[in-house]
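What follows is a set of notes on a single structure, which appears directly below.
Coordinate-derived values only; no laboratory data. The model shown is predicted, which means the values in this text are computed figures rather than measured ones. As a convention, Cβ positions derive from the backbone with ideal geometry for all residues, glycine included, and neighbour counts pool all protein chains shown.
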Amino acid sequence: MAELQQLQEFEIPTAREALRGNHSALLRVADYCEDNYVQMVNMHMEKVARREIGTLATVQRLPPSQKIIAPESLPPLTPYYRKPLNFGCLDDIGHGIKDSSTQLSRTGTLSRKSIKAPAAPASATLGRAPRIPEPVQPPVVPNGKLSAASSASSLASAGSAEGVGGVSAVKGQAAPPPPPPAASDVFLLPPPLEELSLPPPGKELRPPL
């Protein structure tokens with residue numbers, strides 16, 4: 001009983017403290033070794049990098065030699081000639097639709113010969129002659145209602161229409177000016193006194209109630 005009591009009171013607690021101390025000491029040794037190992041690896045990598053930088057930074061003296069060597073014989077140059085532009089060389093590329101019916105799509109240009117005059121109206125079916133529409137008659141102003149200004153404008157328009165319509169005027173000669181309007185058309189005379197209807201003198205107008 002005395003030995004068991006001695007083990008419980010003295011030996012077991014002292015052994016437990018020794019184990020704890022050894023455990024903490026081993027942890028400190030492991031941390032120290034890890035730190036030193038990482039530091040040594042970093043130092044080694046730095047030395048290797050410095051060595052590589054030194055090899056790249058060393059001056060390399062190349063033997064003097066001619067850097068550009070001219071060819072012994074120049075290749076023959078082809079003579080230049082002007083080529084016409086081909087605007088349809090890329091028409092077959094892509095997914096578009098190519099229209100080969102017009103000359104522009106075939107050659108890329110339009111010739112003056114291909115531009116035709118407007119075609120005449122086609123003949124009617126069943127052998128009937130084509131119907132030509134009748135010209136519209138211009139409006140006519142009744143006599144006695146043509147004023148001086150309208151007569152001058154109509155004469156000027158008639159003269160311009162004759163010059164445009166087909167009467168070839170001689171070069172260097174201008175169309176004759178329109179005649180001046182009559183004085184009776186410009187200044188109208190007052191109506192006679194007989195036509196004026198005046199009230200009789202005996203009758204007086206009564207004021208409205």
TODO: Note the full-extension length gain between Arg61 and Arg20 as 0.36 nm times their separation in residues minus their Cα-Cα distance, in nm to one decimal.
DONE: 8.1 nm
Open item on the list: If each residue of separation counts as 0.36 nm, what is the full-extension length gain between Asn42 and Met1 once their alpha-carbon separation is subtracted?
Closed with: 8.7 nm
Task: Dipole of region 1-55, positive end: most advanced residue of Thr14, Leu26, Thr55 [Cβ charges, Cα centre] - done: Thr55
- [ ] Grab the Cα-Cα distance for Leu27 and Ile12, subtract it from 0.36 nm times how many residues apart they are, and report the gain in nm with one decimal.
- [x] 3.1 nm
TODO: Mind jotting down a quarter of the surface of the convex hull over the alpha carbons of region 27-80, in square nanometres, one decimal?
DONE: 9.4
